[in-house]
Amino acid sequence: MAKNEELMEKIVSLCKRRGFIYQGSEIYGGLAGTWDYGPLGVALKNNIKKLWWKRFVEDRDDVYGFDATILMNKQVWEASGHVGGFADPLVECKKCHHRFRLDQLEDQKKCPDCGGAFGEVRQFNMMFKTHVGAVEDATSISYLRPETAQGMFVNFKNIIDSFHPSLPFGMAQIGKAFRNEIAPRDFLFRSREFEQMEIEYFIKPPKDIKDLEWQKHFDHLKYEMKAFTADIGLDAKKVHELEVPDGERAHYSKRTIDFEFDFPFGKKELYGLAYRTDFDLKQHAQFSKVDLSYYDEESKERFVPHVIEPSFGLDRTVLAILSDAYHEDELTGAATDPAEDAFGAAKEKRVFLKLSPAIAPYKVAVFPLLKNKPILIEKAREIFKLIKKEIPATTFDDNGNIGKRYRRQDEIGTPYCVTVDFETIEKGNGVTIRDRDSGKQERIKEDELVKLLLGK
Ligand code: GAP
């Protein structure tokens, strides 16, 4: 097996073993392209969302948070161009009847499964269709949204009427999107149900072809997107920018930059930044017959704003973080188990997730050295409560021996483990703090513990 495939398998298996991510509907054999997040996956995802919301909504005074519905009037998708054009080229093998996305095939002439010939290329619309209400006919058709963006465009007028913002201003939302992908693959990378974090940033339209004011906003948002990848701890060397050439951009975009990431299966799109011009607002104005123009008090002009859109896939973010954080190394006895003597102790292989403390599901784990000594447990509980008051993402663990507990915390990326041992109780000699990445431990006085952890 190729090394990178092996790495992906290790990540998928760690995610299941440690309660990050499970296959959707697993006990029924799964449902392709769906993934369920367990307790640690939810914590990781929520930490990413929190950092995103902070950078793009809370820390700014020009972006409005939003939360629109997943089901929308079908005209939204007619206006946006998704009913007519949100399709991938599909081919079916005449022999084995397996179906493929044509643009993802290395050899577009023959079936990769049986070598058979393909039938005609069909355009396959990726939106999930459903019916709203008790009658299933053409009038009740609706779609699960394939992007969160449109929920913001159709609420543009509501924001104008409620808040009277001056341009430029943005709307931001985090939410589910659905695409009936022909070939879901690479774990969370291409799934059929996923989450997006998107901003529609409305700006004044260019006065003429030489007016490049929009580029200033585009560059600013590009900078912010890059800064976000640093917030979540991604290795900057693995993040690349790609100018998407003419002919390869989405139908609404005049300029697109993709942020690509070095995933284990190759350099692939992580995020997109697109200049959507006035395409969406004009389409919705035309289809809904509602005026979606903006009156600029300063210039006394009325116009339809243009839009720059930073779009982030949340699940791809989770996958980028996990594949960047996955590490294997060898530690000597003392670093895996303080009860062991470092001298002569065998080196031990371990797996650890080098997650930044800002996104790790737990920041601190507290243990009693032994699980069957009430005096140790009582003291460890006391210290656990003390830390948890200041650092809520703290966990208590007395399951199995201490070596196993360290390995478990390493695998879920907990940066610090605090252990209460006999020296704590008998000599009042503080507790040990173990650093996840080096495996090194230091002894620290109890009354300095919380301050030190907060500092880290
Ligand atoms: N509103 C613009 C838009 O939706 P997109 O490039 O189609 O643009 C934006 O999608 C982001 O959503 C992508 O950069 C990716 O992170 C994520 N994404 C798209 N399709 C996905 C899928 N099938 N599974 C997981 N994430 C996906």
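The values are calculated or read from the model by the stated rules, or taken from the named source; none is laboratory data. Predicted, not measured: the structure shown is a model, and the values here were computed from it. For neighbour counting, all protein chains shown are included, and Cβ atoms are generated from backbone atoms with ideal geometry for every residue, glycine included.
Candidates are the residues of the stretch 384-404 that are assigned to a helix (DSSP H, G or I) and crowded, with 21+ Cβ neighbours inside 10 Å; the one that is modelled with the lowest pLDDT is Ile402.
Picking from residues in the stretch 161-206 that are among the acidic types (Asp, Glu), outside any strand (DSSP E or B) and in contact (Cβ under 8 Å) with a residue 24 or more places away in the chain, the one that is farthest from the ligand (Cβ to nearest atom) is Asp186.
I'd like to know if the stretch 224-234 contains one or more residues that are among the small types (Gly, Ala, Ser) and at pLDDT below 95.
Looking only at the stretch 224-234, we keep the residues that are among the small types (Gly, Ala, Ser), and these are 227, 230, 233.
Then keep just the ones that are at pLDDT below 95; that gives none.
Checked against the condition, which is being among the small types (Gly, Ala, Ser) and at pLDDT below 95, the stretch 224-234 yields no hits at all.
Of all the residues in the stretch 207-216, those that are surrounded by fewer than 20 Cβ atoms within 10 Å (Cβ to Cβ) and either part of a helix (DSSP H, G or I) or within 15 Å of the chain's Cα centre (by Cα) (or both) number 3.
Pick from the stretch 418-436 the residues that are hydroxyl-bearing (Ser, Thr, Tyr) and assigned to a strand (DSSP E or B): which of them is surrounded by the fewest Cβ atoms within 10 Å (Cβ to Cβ)? Only one residue tops the list, namely Thr432.
Is at least one residue of the stretch 76-95 of a type in the set (S, T, N, Q) and loosely packed, with under 15 Cβ neighbours inside 10 Å? The answer is no; no qualifying residue exists. Taking the stretch 105-160 as the range and being within 15 Å of the ligand (Cβ to nearest atom) and under 30 Å from Glu92 (Cβ atoms) as the test, the residues that pass are Phe124, Asn125, Met126, Met127, Phe128, Tyr143, Leu144, Arg145, Pro146, Glu147. Among the residues making up the stretch 128-160, those that are part of a helix (DSSP H, G or I) and in contact with a Phe, Trp or Tyr (Cβ under 9 Å, 6 or more places away or on another chain) are Gln150, Gly151, Met152, Phe156, Ile159, Ile160. The set of residues from the stretch 18-60 being touching a residue at least 40 places away in the same chain (Cβ under 8 Å), among the basic types (Lys, Arg) and part of a helix (DSSP H, G or I) comprises Lys45, Lys49, Arg55. Here Ala250 fulfils each of the conditions (1) at pLDDT 95 or above; (2) surrounded by fewer than 18 Cβ atoms within 10 Å (Cβ to Cβ); (3) under 22 Å from the mean Cα position of the chain (by Cα) apart from (1).
Table: residues versus (1) assigned to a loop (DSSP other than H, G, I, E, B); (2) at pLDDT 80 or above.
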position	(1), (2)
Glu330	no, yes
Pro338	yes, no
Phe352	no, yes
Ser356	yes, yes
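None of Leu14, Leu51, Leu31, Leu7 is surrounded by 13 or more Cβ atoms within 10 Å (Cβ to Cβ) and touching a Pro at 6+ places or on another chain (Cβ under 6 Å) except Leu7.
Being in a helix (DSSP H, G or I), of a type in the set (Val, Ile, Thr) and touching a strand residue (DSSP E or B) at 6+ places or on another chain (Cβ under 9 Å), is that true of even one residue in the stretch 114-127?
Going through the stretch 114-127, the residues in a helix (DSSP H, G or I) turn out to be none.
The answer is no, given that none of the residues of the stretch 114-127 is in a helix (DSSP H, G or I), of a type in the set (Val, Ile, Thr) and touching a strand residue (DSSP E or B) at 6+ places or on another chain (Cβ under 9 Å).
For (1) in a loop (DSSP other than H, G, I, E, B); (2) away from the ligand (no atom under 16 Å from the Cβ); (3) over 23 Å from Pro146 (Cβ atoms); (4) among the β-branched types (Val, Ile, Thr), each residue gets a yes or a no:
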residue: Thr256; (1), (2), (3), (4): no, no, no, yes
residue: Asp262; (1), (2), (3), (4): no, no, yes, no
residue: Tyr271; (1), (2), (3), (4): no, no, no, no
residue: Gln283; (1), (2), (3), (4): no, no, no, no
residue: Gln286; (1), (2), (3), (4): no, yes, no, no
residue: Arg302; (1), (2), (3), (4): no, yes, yes, no
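Got at least one residue in the stretch 156-165 being modelled with pLDDT of 95 or more and either among the acidic types (Asp, Glu) or surrounded by 20 or more Cβ atoms within 10 Å (Cβ to Cβ) (or both)? Yes, that holds for at least one residue.
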